[in-house]
Amino acid sequence: MKPCTWSRGPLEISTDPERLDLDVVHGYLSGSYWARGIPRDVVERSIRHSLCFGIHDGRLQVGFGRVVSDFATFAYVGDVFVVESHRGRGLAKWLMACIKGHPDLQGLRKWCLATRDAHGLYRPFGFAPLADPSTHMEILKSAGQTAEQRSPPPTWGGTAWGVDE
């Protein structure tokens, strides 16, 4: 996928993964309410398997967002942030406009995201509370848990998936 870039004066939003500053992204996410304590290698892997959008002020990365998608029917927007020094400039709105306008994300049947405190940001882009929450399910684990804690195998009769140990 060819990287896209949008410009606004000295600011740019880019999907070029080479421009992302993992220190900035991990630093912010590991202190966020939704990913507190997330290991750096998990952030790196999430970036590798997502369409990422970095907000850049010259050489500095000042914001981020990523989309997990099949590029045909579904997209999940996550990890959206703007560093404190650059808030109040409409950058999160611009980022969401770039995400929703990305050429490879057009015509999708469903978009989703989760937020505790940014409903006002996402509402103008068509996001709304779940129409029927009873149709959605989730597995929710803490960002700092080990792989075994995140996904313990189901057991029947004392063995995992019925296989003798």
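Taken together, the values in this text are just the output of simple stated rules run on the coordinates, not laboratory data. Model, not experiment: these values are computed from the prediction. Because the Cβ atoms are built from the backbone with ideal geometry, glycine has one as well, and the counts that use them run over all protein chains shown.
Take every pair of alpha-carbon atoms less than 8 Å apart whose residues are at least six positions apart; their mean separation over the length of region 5-158 yields a relative contact order of 19 percent. If you sort the three axes of the alpha carbon gyration tensor as a ≥ b ≥ c, you get a/c of 1.5 or more for region 26-74 and a/b no higher than b/c, which makes it oblate. Per residue, the convex hull spanned by the alpha carbons of region 5-158 comes to 140 Å³.
Between Glu84 and Leu108, the distance separating the two model label sites (each 7 Å from Cα on the Cα→Cβ line) works out to 3.1 nm.
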